Amino acid sequence: VGDRADFDSETESVCPFCGVGCQVSVKVKDGRVKYVEGINGPANEGRLCVKGRFGFDYIHHAHRITRPMIRRADAPEKGLNVDPANPWTHFREATWEEALEKAAHGLADLRSFYGGKSVAGFGSAKCTNEEAYLFQKLIRQGFGHNNVDHCTRLCHASSVAALMENVGSGAVTATFNEIDNADLAIVIGANPAENHPVAATFFKQFTKRGGTLVVMDPRGQALKRHARHMLQFRPGTDVALLNAIMNVIVEEKLYDRQYIEGFTEGFFEFREHIRAFTPERMAELCGIDAETIRAVARDYAAADRAMIFWGMGVSQHIHGTDNSRCLISLALLCGQIGRPGTGLHPLRGQNNVQGASDAGLIPQVLPDYQSVTDHEVRELFRHIWGGTEIDAEPGLTVVEIMDRVYRGEIKGMYILGENPAMSDPDVEHARKALATLDHLVVQDIFVTETANFADVILPASAFPEKSGTVTNTNRQVQMARKAVEPPGEAREDWEIIVALANRIGLDWDYDDPREIFDEMKMSMRSLHHITWKRLETESAVTYPSLSNTDPGQSVVFGDGFPRRAGRAKFTPARVTPPAELPDERFPMILITGRQLEHWHTGSMTRRATVLDAVEPEANCSLHPSTLRKLGVEPGGKVRLTTKRGSIEIMARADRAVATDMVFVPFAYVEAAANILTNPALDPYGKIPEFKFSAVKVEAAGEQ
Ligand code: SF4
């Protein structure tokens, strides 16, 4: 960095990576980001993790797309080009005029010829709220249907489904900072030290001041050292474990009768259901002894104030919605919602996945989770959107869209900032599907794996190159501000969406993200009392905000729920085995996820110098004894094979992984974890089962 005082400008903005939403000050010298430091945002209080501090220089990478690009007429058939030195070999540069015309005409021609449903869209949680809002509006208004989705489908769609069903709202009931007021916290199916590192610092402080931490996860993790109970349960047995804990609370009458009577419905049916799940019966299934289950149940029930945090270990199962239903029921049983230091908190993944979901980038709902099936809701949007009829049929989700593409029913796509050629389960299937598209428009900052399949690539802006609002896991709406100009001819995403919308026949007139935000406020009650001006001066306001001076409510539902009669609901959950169980051919369990240094599909962090230097190579984790059995030294290569495909990858020894398990991060194209994963979906959230596939592990070179 050199002289830290030597910079031309400093701009307050938000970290582009995880859902914690740390506020940063971006120091710029000669038009380039020189360094980034944490400032006193409500979520981070000055702290940053390694990604936030050292992960910013991807924006200056030599492979940034600086001009629009069009697939060359002599390019070979569409496919994945993994030559990292030459990512744009199959494309030629074009003017904006030519690229936008080609992009728009290709989509509009499909609409005319095959109908609007021949085109679908994936938006992005890496864009601002305003951009997410415009993207879903473009698909709904421009093509007349709801087939628009984004990565929430791959992370917390099942959590949101359960929260909407039982609590009446898809967002957290309390900020993670409320752990400061808690006595006990459960962290289940999450690894905050790797995936939400700044939140993890608050969790560690909580234990230092005497708070009781319970960690439940099939994989060990850094927080284990701080936990009173570490329950390393069998993968996929979440419902069995949680029902057994609730069985103890019910049988020992440890529940909060007054709370249940005042604020819930469905308790009596639930109580009968839960009686079968005794700790003794569930112990063998989930691999946790009955006494430990009882101890955790008693500790949770005895706590005055308790919170539950969960991550994708809970959500990414075919029973992900049931897993979340159990967590909601557990909190309701003990009245642990609606007071300081209590609540339910699914730790959101990307920095704006909460905001993009709030803004309607979801196929079943319009902005603020208003159902497309509700006539009054459709009338409201018809009025705001100048007479557009909204389709009453809920749209298709990410994996469903890709299946329709594969079958030739969807022939064109507009993909903004998403990377399904890396992130979808059974990714070879997704890649084959992308290759069949008649017309693919990709808007991104790099030639991602998905952009390899594009007909037109529109050069977009990285996060520090744009202004707009973003919403973190805490429901905090924050102002992101442009610190540097986009390189070359790259443009802010909202400008590109508007230009494309007008070329497919819409009559849009936005000159500034503020105008888009003002339109959003017309339909989104969550933004009441939150104005652009407030965000410019206060930088963050938590929703709901109850007045023009209220910084927002960090805890909600103290006086009832946004459901019928103000009551939350108990929904019983049955034990459902994973879709694919280990057998003789595939005897081990594959779990995929992220790692500290690399973000999702790696498109940004693998182009960040420091992060790539720390973690340059695709890797997986196996227990040392498993490696010994395989005859593989740590650092040697293993081959992983599932029913979908096979990869070879460097193996690390890791005692946090059970002996019959392998963990693979999904950031590495050269050994893409999603070649292996199972596309089976949760029936409610439509989320794939990334957290359980049957796999064969052998030394590389063996057949
Ligand atoms: Fe960025 Fe998340 Fe790290 Fe904060 S914790 S600096 S938001 S990656």
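Using the Cβ-Cβ distance between ARG655 and GLU379 with R0 set to 41 Å, the FRET efficiency works out to roughly 0.10.
Using Cα pairs under 8 angstrom and six or more residues apart, how large is the relative contact order of the chain, in percent? Walk me through the numbers on the way to the answer.
Values: 1694 pairs, mean separation 142.8, N = 703.
It comes to 20 percent, rounded to a whole number.
Pair-distance distribution of the chain: all C-alpha pairs, bin width 10 Å, starting at 0; shares per bin in whole percent are 3, 16, 27, 28, 19, 7, 1, 0.
Sites listed here are GluC sites (Glu not before Pro) in the stretch 15-101 whose DSSP assignment is loop and whose Cβ has at most 10 other Cβ atoms within 10 Å: GLU77. The loop-placed trypsin sites (Lys or Arg not before Pro) in the stretch 29-131, going by DSSP, that have at most 13 neighbouring Cβ atoms within 10 Å of their Cβ come out as ARG72.
Distance between the pseudo-spin-label points of THR537 and ARG4 (7 Å out from Cα toward the beta carbon): 3.1 nm.
Of the beta bridges DSSP finds with both residues in the chain, what % are antiparallel, to the nearest 5?
Details: 45 of 88 bridges.
The antiparallel fraction comes to roughly 50 percent.
Work out, step by step, the length gained on full extension between GLU272 and HIS529: first 0.36 nm times the residue separation, then minus their alpha carbon distance; give nm to one decimal.
Values: separation 257, 0.36 × 257 = 92.52 nm, distance 4.40 nm.
Net length gain for the segment: 88.1 nm.
Using the structure shown, list the pairs from LYS29/LYS521; LYS432/LYS691; LYS117/LYS432; LYS102/LYS686; LYS126/LYS629 with a Cα-Cα distance above 31 Å, or answer none. Let's see the in-between values first.
On the way: LYS29/LYS521 36 Å; LYS432/LYS691 23 Å; LYS117/LYS432 20 Å; LYS102/LYS686 33 Å; LYS126/LYS629 42 Å.
Distance filter (> 31 Å) returns LYS29/LYS521; LYS102/LYS686; LYS126/LYS629.
The Cα atoms of the stretch 524-617 give a gyration tensor whose axes a ≥ b ≥ c have a/c of 1.5 or more with a/b no greater than b/c, which makes the shape oblate. Among 249-256, 645-652, sorting by the average number of other beta carbon atoms lying within 10 angstrom of each residue, highest first, gives 645-652, 249-256.
The eigenvalues of the Cα gyration tensor, multiplied by 5 and square-rooted, give the stretch 49-151 an equivalent ellipsoid with semi-axes of 27, 23, 13 Å from largest to smallest. The calculated FRET efficiency for ALA295 paired with ALA222, based on their beta-carbon distance and R0 = 25 Å, is about 0.65. Applying 1/(1 + (r/R0)^6) with R0 = 30 Å to the Cβ-Cβ distance of SER625 and GLU428 gives a FRET efficiency near 0.40. Expressed as a whole number of Å, what is the distance separating the alpha-carbon centroids of the stretch 237-282 and the stretch 120-135? Using only Cα atoms to place each centre, the spacing works out to 40 Å.
Would you mind telling me the share, in percent, of accessible area of the chain contributed by carbon and sulfur at probe 1.4 angstrom? Working shown, then result.
Values: 11550 of 24090 Å².
In the chain, the share of accessible area belonging to carbon and sulfur is 48 percent.
Rolling a 1.4 Å probe over the heavy atoms of the protein chains gives the stretch 382-465 an accessible area of 26 Å² per residue.
Please state the charge dipole magnitude for the chain, taken about the Cα centre, from unit charges on C-beta atoms (+1 on K and R, -1 on D and E), reported in debye and rounded to the nearest 20.
Details: 78 positive and 93 negative charges, 297 e Å.
It works out to roughly 1420 debye.
Between ARG92 and ASP550, the modelled labels are 5.9 nm apart [label points 7 Å from Cα along Cα→Cβ].
The values are calculated or read from the model by the stated rules, or taken from the named source; none is laboratory data. Since the structure is predicted, the reported quantities are computational estimates derived from the model, not experimental observations. In this analysis, Cβ positions are derived from the backbone assuming ideal geometry, glycine residues included, and neighbour counts consider all displayed protein chains. The accessibility values were calculated without ligands, DNA or RNA, using every heavy atom of the protein model including side chains. Shrake-Rupley method; radii C 1.70, N 1.55, O 1.52, S 1.80 Å.
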